[in-house]
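Peer 1: What follows is a structure written as structure tokens; I'll ask about it next.
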Amino acid sequence: MLKFMQSCVTHMQSLTQQSPGEELKRTSGSSNSLIRSPSLLSLLKRGGSDLHLNRMLSSKPSASDTVHCFGFGKLCVGGRKQFGFLACVPVIGEKELVQADDEPSLSFHNGAFMSMTNFSWNGCRVTVKELQSHDALLPYSKRSLMDLLTAEQEYCSNLFHPHLLQLLAVCVSADLEQTRLVFERVHIGSLYSILHQRFPVLRFESLLHLLLQVSDALLYLHCRGFIHRSLSSHAPCSWCTRVAKLTNLHFMVHSSDGGASSDPTRLPIPAELYNWAAPEVIRGRPCTGKADLYSLCALIQELCTDTLPWGGMEASMIKELLEGGHGLAADTQVPQPYYEVVRSGLQLRPQERTGSLQDIRYLLRKDMQELSCRKGSLYPETDVLLGPRGAGLETQQNRVQGEIGTPA
């Protein structure tokens, strides 16, 4: 028995210190299948412990080789040469989601197909994402759009970061025709609602802080080998006035294929996101992390100009201009040094986008520190608020350009 336990420890140490792909391989079976614990009798046979464990790791994988038990919890073998401990997301019924009677209902659109509504689940305040009404889904089929929720559920079950919206449960209807994702509570809404619906009114400093958190979340995704592809002002949800959480992971792809897939069920980026999407994403071509850099620069310009990227231009016209070699131009209202970063990040060709997410993160942190030091004396109170559309924004931007972020 001691020899068997020591062998388990040795194998576990080997797995945690080496690339998991060297010893554990993904199987063609279901990622939810479990293997039975090794027979204790066979392991206690003379010479049986090491022989059996080595056979488990070196033999041809079967459909049940996705979870291994070596006495340190259930080790789940995932794709992309990654492994981790098995976790689960609760599946709940529709009756478990109720409208709290001590707060007003809050619902907002979250991109082209989704809506988010506040509910209560077992006394816990949550926000539920679901497909919008049927008319909003045309010309797509409801079943194909349900796959987007499934994709986001799978991503959210494996990705954890302080600025990714946390998935708490999955709600499935009795007839299995409707799936809803139960997230942690979103108290305010999306960044889009803050910028364009003016609720709530935030200081420019707070918006910079939200952008910093979005860049942190994107860097985390890139470190895990993912490309968001559909970043827009709909994607960051404001948990409070100083905390943003990134969501809308359903169009995300792994950087190893860059979105190139022979899967005919994969939906293209919807036209509603063309204002922020990189040209290669709109064209359906493979992309890299530079696609997210483009979208983040478009988002920065949206914040600084108080206008959607490309203005109110139709999606078909945006695509036509891109095909003709005309890209989104950096607006002169964007203060320095962000103007140079945005100008570089909005280039048509990915290889010409010389900046990086780290550069933007550095600038945001630097300006946040300067704003914090000058708090109370940098602007008059009325100039640091994003008021009604078009009112006072030019004064604010001129002051920002003159007072912060100037190159050393």
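The values are calculated or read from the model by the stated rules, or taken from the named source; none is laboratory data. All values reported here derive from a predicted model rather than from experimental measurement. For neighbour counting, all protein chains shown are included, and Cβ atoms are generated from backbone atoms with ideal geometry for every residue, glycine included.
Peer 1: Which numbered condition in (1) surrounded by 14 or more Cβ atoms within 10 Å (Cβ to Cβ); (2) modelled with pLDDT under 95 is the only one that L346 fails?
Peer 2: (2)
Peer 1: From the list A277, A244, pick out the single residue that is of a type in the set (A, V, I, L, M), outside any loop (DSSP other than H, G, I, E, B) and either at pLDDT below 85 or buried (at least 19 other Cβ atoms within 10 Å of the Cβ) (or both).
Peer 2: That would be A244, the only listed residue that is of a type in the set (A, V, I, L, M), outside any loop (DSSP other than H, G, I, E, B) and either at pLDDT below 85 or buried (at least 19 other Cβ atoms within 10 Å of the Cβ) (or both).
Peer 1: Return the residue satisfying two criteria in turn: it lies in region 124-140 and is modelled with pLDDT of 60 or more and part of a loop (DSSP other than H, G, I, E, B), and of such residues it is nearest to I92 (Cα to Cα).
Peer 2: Q132
Peer 1: Count, please, the residues in region 324-346 that happen to be in contact (Cβ under 8 Å) with a residue 24 or more places away in the chain and not hydroxyl-bearing (S, T, Y).
Peer 2: 13
Peer 1: Failed condition for S120, given (1) in contact with a Ser or Thr (Cβ under 8 Å, 6 or more places away or on another chain); (2) modelled with pLDDT of 80 or more, with all others met?
Peer 2: Just one mismatch for S120, condition (1).
Peer 1: Now for a separate question. Which one is surrounded by the fewest Cβ atoms within 10 Å (Cβ to Cβ), of the residues in region 247-268 that are modelled with pLDDT of 90 or more and in a loop (DSSP other than H, G, I, E, B)?
Peer 2: M252
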